Amino acid sequence: MTATSFTRMDESTAEQWAVIGAETMNNQPRVADEVLNMIERLEAITDGFSTNQKVHALQTATLAEQAGADQEMIVAALCHDIGKLISVMNHPGIAAEILKPYVRPEVYDAIRVHQDFQGKHYYAHFGANPDARDKYEGEEFFDLAALFADEWDQVAFDPDGETYPLEHFEPMVREVFATPKYL
């Protein structure tokens, strides 16, 4: 590792930032490592569901892959609830921001709003508006978010459901998180 010598950014040079940029790219594999670690840690979260959140993430990604989703969407399906490690209430936003530099905007937005789309299936039980997704009508991501929520996410709590192992998805995770594409 090469370190720069500045102690304040306003005193840094282009050469020093070239070092930082190169070191950042050399260390890019740690992003996939951490994402995979987060998915493993979802195993500890059940919160009353019939499966833990790791199984739920794996089933959601399995369903996305079986339906013919592209690699970015499959990885996003796998990662959609990793924000629950920090905050259940804001988990879609957390997961979406982790994904944002690596997936196209439509995929980012589908994950960012997935709770409102999934709310069609349960918001009424909490006195919330089950039609919360309607506020996104006309958005470019609407159909993808509806497909994700209705066909893959909300049905992926089956302890006996087909579930590909995390090792199956690891090459996809490593490829998607290898290089930021959408800055």
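The values are calculated or read from the model by the stated rules, or taken from the named source; none is laboratory data. Every value quoted in this text rests on a predicted model; they were computed, and no experiment measured them. No Cβ is skipped: glycine too gets one built from the backbone with ideal geometry, and neighbour counts run over all protein chains shown. To get the accessible areas, we keep the full protein, side chains included, count just its heavy atoms, and leave off ligands, DNA and RNA. Shrake-Rupley method; radii C 1.70, N 1.55, O 1.52, S 1.80 Å.
Computed with a 1.4 Å probe over protein heavy atoms only, the accessible area of Thr7 comes to about 120 Å². A Gaussian network model of the chain, with springs between Cα atoms under 10 Å, assigns the largest mean-square fluctuation among Ala149, Ala18, Ala95 to Ala18.
Exposure check, 1.4 Å probe, all protein chains in place: Lys100 carries approximately 90 Å² of accessible surface.
Where in the range 112-152 are there GluC sites (Glu not before Pro) that are in a DSSP coil and have at most 15 other Cβ atoms within 10 angstrom of their Cβ? Those satisfying the criteria are Glu137, Glu139, Glu140.
Pick out, in residue order, every one of the trypsin sites (Lys or Arg not before Pro) in the range 1-69 that is DSSP loop and has at most 11 other C-beta atoms within 10 Å; say none if there are none. For trypsin sites (Lys or Arg not before Pro) across the range 1-69 that sit outside H, G, I, E and B with at most 11 neighbouring Cβ atoms in 10 Å, the list reads Arg8. Specify the inter-centroid distance of the range 98-132 and the range 52-88, based on alpha-carbon positions, in whole Å. Cα centres, the range 98-132 to the range 52-88: 13 Å. A 1.4 Å probe, protein heavy atoms only, puts the accessible area of His125 near 150 Å².
Name the shape class, rounded, prolate or oblate, that the alpha-carbon gyration tensor gives for the chain, where a ≥ b ≥ c are the square roots of its eigenvalues, rounded holds for a/c under 1.5, and otherwise prolate holds if a/b is larger than b/c and oblate otherwise. Before the final figure, lay out each step's value.
Values: a/c = 2.12, a/b = 1.72, b/c = 1.23.
The shape class here is prolate.
Normalised per residue, the accessible area of the chain is 53 Å², obtained with a 1.4 Å probe and no contribution from ligands, DNA or RNA.
Just the number, please: carbon plus sulfur as a percent of the accessible area of the range 61-183, 1.4 Å probe, no ligands or DNA/RNA counted. Summing carbon and sulfur atoms, their accessible area is 51 percent of the total for the range 61-183.
Under 10 Å, Cα contacts only: if you run a Gaussian network model on the chain, which one of Tyr122, Tyr164, Tyr108 comes out with the highest mean-square fluctuation? Of Tyr122, Tyr164, Tyr108, the Gaussian network model singles out Tyr122 as fluctuating most. Size estimate for the range 1-64 follows the Kirkwood approach: the inverse of mean 1/r over distinct Cα pairs works out to 15.0 Å. Ranking Leu58, Ile39, Val88 by how far each Cα lies toward the positive end of the dipole of the range 23-119 (charges on Cβ) leaves Val88 at the top. Give me the one-decimal nm value for the distance between modelled label points at Ile20 and Gln71, 7 Å along each residue's Cα-to-Cβ direction. In this crude label model, Ile20 to Gln71 measures out at 3.0 nm.
What number comes out for the charge environment of Pro105, summing +1 per Lys or Arg and -1 per Asp or Glu over other residues with Cβ under 12 Å away?
Here the charged neighbours net out to -1.
Given Cβ point charges of +1 (Lys, Arg) and -1 (Asp, Glu) and nothing else, what value in debye, to the nearest 20, does the dipole of the range 100-183 about its Cα centre take? Let's see the in-between values first.
Numbers: 8 positive and 18 negative charges, 93 e Å.
About 440 debye.
Is there a quick way to get the dipole size of the range 1-82? I mean about its Cα centre, with the Cβ of Lys and Arg at +1 and of Asp and Glu at -1; what is the value in debye to the nearest 20? The partial results should precede the final answer.
On the way: 4 positive and 13 negative charges, 29 e Å.
Its charge dipole is roughly 140 debye.
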